[in-house]
Each structure stands twice: as C-alpha cells, then as structure tokens.
Amino acid sequence: MKGTTVRRSPGRKGTPQTEPKSKLPQTVAEVLGKHVVLEVESVDRMYLNAIVPRLQIVEGALRFIRQQRGAKVASTNAVEPMTRNFVAAIERFVRQHQIPMVSFQKGQRKDQLAAQMRARFPHPEGVVFVGKAQEKCTVYRTEKRHNPKTGRAYAWIVKSTALVNHYYFYCVDENFGPFFLKFCSYFPYNAKLCLNGHEYAKQQLARQQIAYQPLDNGIRSCADPKRLQQICDSLSAAKIDMLLRKWLRRLPHPYPPADRAAGYRYQLSIWQIELSLTQVLDRPVSGRMFFEDVIRENLDLGRPKQMQLIFDRSITKATPGPFRTRVITDGVIPSLHIDYKGTRIKQYHKEGQALRTETTINNTRDFYIGKSLHNLPALRKIGFQANRRVLEVQTVTHDSILAEETLQQLQRPRVVAGQRVSSLRLADPTVQALWHAVLMFDLLPAGFSNSQLRAHLAQLLGQPVETLTQGRMSYHLRRLRLHGLIERIPKTHRYRLTSFGLRVTLFCTRAYARIFRRGLGMLVPAASPVPSPILCSFHKLEQQIHSWVEQAKLAA
C-alpha cells in the first residue's frame, strides 16, 4: 500500500497492521506553516491597452485629420491610405521573414495554437506567427450632418463600432518570453499587449543560470528562492514599456515617423492584471485538505459585507454585482471564487502541487486608481494584500484556539500599564455584539473609526445609533485596546484588529454561537420542544445517576 508501512502485532501472529509514514496536517495553519516549500508573489498575466491618447476622443481625431493630414473636410477618407499602407506592410513583413500567417476560426483556442507553434519555434527571440481575426472594436466613421440654419450638408466624424481585421503578433522575447501584440487594422489603430510575469521570471532565471523546475504558469522549485522573488519584484512599468518600444521598432507600425515625431505615440494602460501568490506544497494531500477545510469555513467570504472589507470599498444598492462566493469543481479539484465588482479572487490547487491565490483586477477604477501603467505599484499592493488577507482570515478562522489563561484574563477586570480595564465576559450580549462588530472590519486595510464601529454596534444591539454616545464608544474602544484586541493606527484616529484580537474575536463569537447558545438551547426542554440527541443523552445520564444513588442508599 503506497504511503504506509506494514508491521505485525507482537501479540498476534499473522495479523498485519498499518500505520502512516507521517502525520497528516490537521489545520490550515499547519498546512501553510509546515508544508509550503516555495512561496512566490508575482504579477501573472497582464493585458495592456496600447493607444495613442490624443486620438481617443473625437476632437483629437479631427485635429489629426485636419492638421497632421492636411484634410479640408472632416472625413475618415483622409486616413484610408494609412490603413492600406499598414495592412500592406504587415503582409510584406510576413513574406519577407517567412512567418506563418494563421486565420483564426470562430471558437478556436488561440493560446493552445500559440503553445503548439512556440514548441516548434527554433529561435530564442522572434515572431512565431501572425494571427488574423475579425473582431468588434471602436472606430471612427464619417456621417453626413446638416447645418440647422442653412440646411447645407457637411461631413463629420463620430465614434462607432465595427467588425474589422485584427492582427496578432505572437512573439518570443529574450527577457520576457512569450507574449503577443494585437493591432486593430482601422484608425486609430488601437493595440493590446499581453505578457506573463511568470514567463518573465523563467527567462531571467535561465539568463542568470539559476536552476529551476517550471510549473504551468509558475515555478515549482528554484535553487535560489530569494533571487526568484527579487526577479518577480523587479518587473516594473519601465521594463514593460521598454518591451513595447522594442517591438514597435521591429514590427510594422501604422504611424509613420512624421506622426510619431509630432507626438502621436503609443502609450500603455492597464486593461486587466492578475496578481498571484503561489505556495508550492511538499505533498498533494496537503493542498486537498486545505481546500476541504477552507471551503467549509469560508463560503460567506463573497457576501457584500465581506467583500467591501477585503477591498476597502463601500457597497450600496447602486454598486454593480454580483457579490458571491462560488465553489467550482473541475474533475475532483475544487476552486474558490470570490467576486467584487470587476475584481475576482480565485483560489485553487494547481496541478496537485501548489496553492494558487490570485486577484484579477479588471477595472482599476474600482479602487479609485487610474489605468496608466505607472499605477502598477499601487495595484500590486492591493492585489498582494488581498491574497494575503484572505489566507490570513482562512488560517485564523480554522485555527482560533485560545489558551485557558488567556480566556480567564478576558473574564476579569485587569490593570494594564497602570490603567484599570473592565472585563470582556463571554456571555455578555454587549461584548458579543462588540466582538462581532470589530470582526467585520478585519479585512479593511485602512482600519475603522469610532463612528464606523458605532453604526455597526448599534445595529447588532438593536438600538438607535443616538443611544450610543461618544463617551460610551470611547469606553468600548479603550476596553478593546487595553486588552490588546485592537491598536490605534499611528497618526490617525482609526483602529485595527491585532492578530491576537482576530483570534480572540473569532474563537469567542463562534464558541458562543455554535456551542454555548446552541448547546444550552438543546439541553433546556422549554427552549427545545423537539428532543435532541444531546438532550436524550443527558436524560439517560440523569437516570443512571439516580439509579446509582438509590442503589447506594439500599446498600447502606
């Protein structure tokens, strides 16, 4: 039997017994603390818009046509020669360099085809193939308008959508590995750049001759993990911009040098970014146990109140949804999906080897951050912080055990740093409401204020907010702070849960809700008209005690 050894019992001959080679992990904390052999934070896939900013509005397009092209009439006819020249340049480029041209079919998996063709590509750098597909995009059209005073017709340019040819340049770069650059063949020739941070890391490891084992879209093992993380952190906006400039010089360009000299140059903005945390495990069963425990305990993470705390964003009736947690099973491997606006946190067991937690941001403005590429550091911080915060909550949720001494300290008044602080009794309804209220703010990066806690506490107590005065809230915050459950954020009037506070509030609220309140309800006949198994067991115990007492009296 794989994974076990067979030994014979010394008491019975011929009776085999089995015992495990090693103890399986029992908690999420144990999985993450003892069974992770490699941990990497990295930008994963990035989809970037490459646009000429001045041409994204009608006024800019009109200025280009009239000033740069010298057209007297505001018509897209002035840019038709540019379109023909650009398409002809692509076809000429393909012929001269003997590059395969592929017309994508509807429903065809482009990534699979690209992987197959890259496997046959013999060069360390170059264009693997060019793909062609018709796709809908935003373009400019000319429409006829009439002067309201004279009735005279004139041409004007408006924004519209059209189904036009797009050209995909699938390339391999010596620094970034595989990527593609897609051009729209119609004015203003918007483009998209797609790259992968893990492929960048693999290329850099190979160039620096650092041994590693690849994982599909990741790294399984590395001879120098510290250097690997440094490489992942070094993927900057400047390097990505240099990649674009390098290949714009090599590939056919829709704008001639005169236009570029006049300032009509491509700039990058972030369309979609995936930020991942990969934790490679020593055994596949560790990851499976992680998901079994996490999914049971964290199905409510996708609720609106939870999501607004993960990402520090208010959610109202007008906030676009959905807000949900989904468990998706592909074969026998489950994955956890948490959605918020245009952002998703996905967690899954990758290839039976690693835990992958990744945050995909589809709209940077969900976090009041612009789309410009120079905002990459801020987005990295948000995504990596969300990944870590989700893991932290999952860990403490599953392993929130408290020592007896700690529990007793909460139940009695104490003197901390010369200040007397009242107790936080487990069965006190106000204390339970207070713990529930601060727990709601655990995932909030900016912490919480007195007024925010006041609103939630009043709701949990079923009281009007006006009844919770400023002095009363200050008293509660002081109690929590002196007991070490919260701390004040320096130079602010905001607070946050400490690691100790997170463990205390989770343990005490769950123990009270799941054990004490529910268990006592089952034991008291008046509260539980339907006999429960535990109540029946106590009745049997009571009968046995009475019987033993009667026997003892008789014997005397």
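The values are calculated or read from the model by the stated rules, or taken from the named source; none is laboratory data. Worth saying up front: this structure is predicted, and the values here are computed from it rather than measured. Note that we place each Cβ from the backbone using ideal geometry, even for glycine, and neighbour counts take in every protein chain shown. Heavy atoms of the whole protein, side chains included, go into the accessibility calculation; ligands, DNA and RNA do not. Shrake-Rupley method; radii C 1.70, N 1.55, O 1.52, S 1.80 Å.
Of the accessible area of region 222-261, computed with a 1.4 Å probe over protein heavy atoms only, carbon and sulfur atoms account for 58 percent.
Shown here are the Rg and Dmax of the Cα trace of region 36-185, at 20.5, 78 Å. Pairs from the table (Lys136/Lys371; Lys110/Lys350; Lys149/Lys371; Lys72/Lys110; Lys34/Lys491) lying more than 31 angstrom apart at Cα are Lys149/Lys371; Lys72/Lys110; Lys34/Lys491.
In this label model, Arg120 and Gln105 are separated by 1.6 nm, measuring between points 7 Å along each Cα→Cβ vector.
Considering only Val73, Leu62, Gln105, and ranking their Cα positions along the charge dipole of region 54-134 that arises from unit charges at the beta-carbon of Lys, Arg, Asp and Glu, the one farthest toward the positive end is Val73. If you take the Cα centroid of region 177-203 and the Cα centroid of region 95-150, the two points sit 12 Å apart.
Listed peptides 168-175, 375-382 appear in the order 168-175, 375-382 once ranked by packing, highest mean of other Cβ atoms within 10 Å at the front. Peptides 383-391, 91-99, 454-462 ranked from most to least packed by the mean count of surrounding Cβ atoms within 10 Å: 383-391, 454-462, 91-99.
Accessible surface computed residue by residue for region 441-501, with neighbouring protein chains in place and a 1.4 Å probe, gives 51 Å² per residue.
Met242 sits with roughly 130 Å² accessible to a 1.4 Å probe, with DNA, RNA and ligands left out of the calculation.
Size of region 169-243 from its Cα atoms: along the principal axes, largest to smallest, the extents are 49, 23, 16 Å. In angstrom, the C-alpha Rg and Dmax of region 84-130 are 12.2, 33. For region 150-261, the solvent-accessible area works out to 42 Å² per residue, with a probe of 1.4 Å and every protein chain left in place.
Between Glu39 and Arg265, the modelled labels are 4.1 nm apart [label points 7 Å from Cα along Cα→Cβ].
Each 10 Å bin from 0 upward holds the following percent of the Cα-Cα pairs of region 134-205: 17, 29, 21, 16, 8, 6, 2.
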